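K.L.:
If you scroll down you'll find the structure; I have some questions about it.
The values are calculated or read from the model by the stated rules, or taken from the named source; none is laboratory data. Owing to the predicted nature of the structure, the values given are computational and were not obtained by experimental measurement. Neighbour counts run over all protein chains shown; Cβ positions are idealised from the backbone, glycine included.
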Amino acid sequence: MKQSSSRRAGTFIKAGLVSAVLLALLIFKFTDIQTVESVFRTLNWREIMFAAFMYTLAPVGRTLRFAVLLQVKPHALGRLFWAVCLHQAGLRLLPVRTGEAIFPYLYYKALGEQAGQGVVGLIYSRLLDFAGLACIFLAFLAVTGMSGRVPWTWPAWAVLLFLVMSIIAIRLPWLLGVISKILGRMGSNRKSRTRFVSKIMSLLDESRSASLKIRSWPRLMGASLATLLVWAGIFGCFWFLMRPYHVSVQNVVFGGTAASIAGSVPAGGIGNFGTQEAGWTLGFSLAGILPGLALATGLMVNLFTLAVTLVLAVLCLAVVRSSWRQWKESPLGSENQDPGDHEPDILGLEERLENTEDPAGGEMLHVTGGVSKVEDVPAPKDIADSPDRLERD
C-alpha cells in the first residue's frame, strides 16, 4: 500500500514537472513574463465575478445532462451536482485526463446506482461535447465568413468529427458488446486475468444495458440542450475574461473552440497546462491577436477556470463533510450504528432502523439498506389460556 501510494505521488510530481516545463517553454518561446503580468493586472473584480458566474453554469449544465441521460430523480440532483464538481476537479488535477475514471465511482457513491450507468453516461456526455463543438465551429465559420482564413481541412475535420460521434452514439451498445466478447476471449485464454476481466465484463454489461435506454431520441435531445448550456457558460466565461482586449464574440468562440479541442486531447499535464494554451494561442492568433498576448491570456484563463473548479470542489466537500458530521451526531449514527464499522448515510442511499416488534401482530420488521423483510414471529400465548394452568386451577 505504501509503495502504491508513493508511486501515485511520484506520477503526480512527474506530471506536474512536465506541465511546468511545457508551460515555461511556451512562455519563453512566444511571450515574456512582463506580458503575463500585465494580463493579470488588467482584470477587475466585475469581470471576475461575471466570468465565475458563467463558468459555474458549466457544471450545472453537466448535472442536468447526466440527469436527463440517466433519469436521475429531482431530489438527487444536489448529490449529482457535487459528484460532477468533484469529477471536474479530478479531471483538471490528474494528468492525461485520467480523472475521467473517477466519475463512475462518484456516481455510485452519490446515488447508489450501478457504476456502469456512470460509465455510459460519461461516454455519451463526451460524445455530445465533441459533436457540440463541431457544430459550434461549423456554425461560426458559416456566420462569420472566416472559412477563407482557415485551411479547408478544418471544416472537413469538423464534419467528420460530428459524423463519427453520431455513429458511436447510435452504435454504442453494439460496440460495448464487441468489447465484452473480446475481453471474454482474453480471460478464457489467460487464467491469471480471469478475475480482473470478469469485473470489467460485468461493468460492460451494466453499461450496455444502460446504453440501450439512453439511446432514445428524447433523452439525447434533452441532453443536447443541456450541452448547449455547458458551452454557453464556458464561452461566456471566456468572453468576460477577454473583454479588456475588445475581442468580439465570434473570435472568442473560435479561439475557445480550438482551446477546448486541444485541452480534450489526453496528452496534457496537470490542469491541462501546455495543451490548452497551445490551442488557445493557435485559435486567437488566427483571429488576429498577437501570439504573445494570446498565450498570456490563455494562461490567465486556464488558471482562472482551474481556480473556480477547485473552489466548487472544496465547497462540495464541505457540504459532504457537514452531512457526515450531522449523521454522526444524530441518534441513528451515535446510538444505533458504529461509524467505524459502517459507512455513514451522508448520501441518502440507505435507511437503517433498529429491529422493531409489532406488539399486536407479533411481527419483526427488519429494514436495512432500504430493503424491508417481514418475518413471522409467534406471539407469546396468554398464560390464562394455557392448558397446564387450567389443570392446576
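K.L.:
Mind telling me which of the residues Lys29, Lys73 ends up being over 26 Å from Cys237 (Cβ atoms), surrounded by fewer than 12 Cβ atoms within 10 Å (Cβ to Cβ) and modelled with pLDDT of 85 or more?
P.N.:
The conditions single out Lys73.
K.L.:
Kindly list, by first and then second residue, each pair from a residue in region 204-215 that is over 9 Å from Gly116 (Cβ atoms) to a residue that is buried (at least 20 other Cβ atoms within 10 Å of the Cβ) and among the aromatic types (Phe, Trp, Tyr), limited to pairs with Cβ atoms under 7 Å and residues at least 6 apart or on different chains.
P.N.:
Ile214/Tyr124
K.L.:
To continue, here is another question. Pick from region 204-216 the residues that are surrounded by 19 or more Cβ atoms within 10 Å (Cβ to Cβ) and not hydroxyl-bearing (Ser, Thr, Tyr): which of them is nearest to Tyr124 (Cα to Cα)?
P.N.:
Among them, the one singled out is Ile214.
K.L.:
Is it the case that region 205-226 has a residue that's at pLDDT below 80, out of contact with any Lys or Arg (no Cβ under 6 Å at 6 or more places or on another chain) and aliphatic (A, V, I, L, M)?
P.N.:
For region 205-226, residues at pLDDT below 80, out of contact with any Lys or Arg (no Cβ under 6 Å at 6 or more places or on another chain) and aliphatic (A, V, I, L, M): absent.
K.L.:
Could you tell me which numbered condition Gly61 fails, if it satisfies all but one of (1) out of contact with any Phe, Trp or Tyr (no Cβ under 7 Å at 6 or more places or on another chain); (2) without any contact (Cβ under 8 Å) to a residue 60 or more places away in the chain?
P.N.:
(2)
K.L.:
Among the residues in region 143-155, are any over 26 Å from Arg208 (Cα atoms), assigned by TED's automatic domain parsing to the domain that holds Leu220, assigned to a helix (DSSP H, G or I) and among the aliphatic types (A, V, I, L, M)?
P.N.:
yes
K.L.:
Within region 94-153, take every residue that is modelled with pLDDT of 80 or more and basic (Lys, Arg) and give me the one that is surrounded by the most Cβ atoms within 10 Å (Cβ to Cβ).
P.N.:
Ranking the qualifying residues of region 94-153, first place goes to Lys109.
K.L.:
To continue, here is another question. Kindly establish whether Ala110 is more than 22 Å from Leu228 (Cα to Cα) and part of a helix (DSSP H, G or I).
P.N.:
Spelling it out, Ala110 is indeed more than 22 Å from Leu228 (Cα to Cα) and part of a helix (DSSP H, G or I).
K.L.:
For region 37-59, check the following and say yes or no: at least one residue is surrounded by 17 or more Cβ atoms within 10 Å (Cβ to Cβ), modelled with pLDDT of 90 or more and either under 18 Å from Val320 (Cβ atoms) or not assigned by TED's automatic domain parsing to the domain that holds Ile168 (or both).
P.N.:
Yes: region 37-59 contains one or more residues that are surrounded by 17 or more Cβ atoms within 10 Å (Cβ to Cβ), modelled with pLDDT of 90 or more and either under 18 Å from Val320 (Cβ atoms) or not assigned by TED's automatic domain parsing to the domain that holds Ile168 (or both).
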